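Beneath this line is the structure, given in structure tokens, with notes to follow.
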Ligand code: BG6
């Protein structure tokens, strides 16, 4: 065999021979909720517009309110008109919406699952291609157990001969390790792990998927991707929104650490820091990701947490010229709340590759803009030739913009034209929109298709979720127990967060990137 002969290429194999999504009935529990209206149905509609949705296809919305199919569809249409990525076409919607029906049911009432089973059997009898069932649990988390029990009692967890039956579980997947283990046990008693899809919509974002391609389909980055060349890594998720739409009630029980770090940001971290997987199978990738989370140096006790984690709440301020109230004044938030709307962490991954490299993670509500990015800060060049001119400013930085304006940029140092020797940082930039000429699909589009195709690579596995909670629980414990609670800093809405978060980086000669 010559060196030019094609070799086993896991990327090519996986991408070209990925199973096609199967026709199925998607049953959504919590069908009258925000997620169904704003994310799931628009995702299906856009897949249908692109011709990517397998046909035939059906959606059955299951919820408690009394509604006819027509009223249910009209409510979905209203929202789709406002949020659909590719706009709303009346004729296409008329056709698409015929595939959606409503089933009124109480989550705790077995009879309602039995009548659902009858309805699904009738759909199957009408069309043999519709024997596959995808149960999407998008309800409030307190109903997860009841729904799983109901599915089991009605035998809906059992696949029909020659068909499949799968479950998608939305976040929050537990509120701590104990509740996540309980939920995993409940799910495990109802569906095998291979049919369980724990959704983390950040994994469905195009740029998050591209992280593995950037690292392992290029030769220039991976040799530098380690403690010898990387000084620090930053992961930032900044949001300008506060507690709109009555979210305060949920959020005040959760906080930034549980709401975003335990899941989305630790998932991004694991994609940045993992070793190359041996193949691109779901378990091949997840085996490597979970090792990263398991290698996080635990932050145990008030001292470790106090030194490495900053929590804060926003006070009144202004965003985009609009005055906004402080966190404690938000609707449905306890006026004496001790829940953080901002968190910044310094973490270490105790592996050979990352020994000594700090990873800085921050997430905040009511920051100046909505943006998520990862930046890899490389070590400074030796101070030999341009020593007086070498500053943090001409450190090479690779920025991976997860959203918006998806793309990558690489900061390099260049000579300013002219007779004097002056150095300045310049940027090499790649933008998805410019290079590929179209907007990326929404995360839910990709994830729904993957669940229909039986590909769990972009879904969290049981051990990943539990390991992430193990790490997060210690921080929550240090915050909420003990006689002298750790401080809660403040930041005005519209600012980049509390000063204390800057101190985390200072001793490493770093500053947070301005997004
Ligand atoms: C959700 C969180 O999981 O993700 C929200 O519960 C957050 O608080 C949202 O706003 C952010 O998602 P995205 O895709 O808009 O960045």
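Bear in mind these aren't lab numbers, they're just calculated from the coordinates by the rules spelled out. Being a predicted model, the structure only gives us computed values, none of them experimental. Because the Cβ atoms are built from the backbone with ideal geometry, glycine has one as well, and the counts that use them run over all protein chains shown.
Before moving on, here are some points about what is shown:
- Matching residues, region 124-145, being surrounded by 12 or more Cβ atoms within 10 Å (Cβ to Cβ) and over 33 Å from the mean Cα position of the chain (by Cα): 124, 127
- Listed by position, the helices (runs of 4 or more DSSP H) contained in region 83-180 that have at least 1 residues being within 30 Å of residue 438 (Cβ to Cβ) are 90-97.
- Exactly one residue out of 461, 513, 422 is under 30 Å from residue 178 (Cβ atoms) and in contact (Cβ under 8 Å) with a residue 24 or more places away in the chain: that is 461.
- Residue within region 195-204 that is closer than 30 Å to residue 489 by Cα, within 11 Å of the ligand (Cβ to nearest atom) and assigned to a helix (DSSP H, G or I) present: yes
- Total residues in region 245-278, condition under 11 Å from residue 341 (Cα atoms), over 12 Å from the mean Cα position of the chain (by Cα) and buried (at least 19 other Cβ atoms within 10 Å of the Cβ): 7
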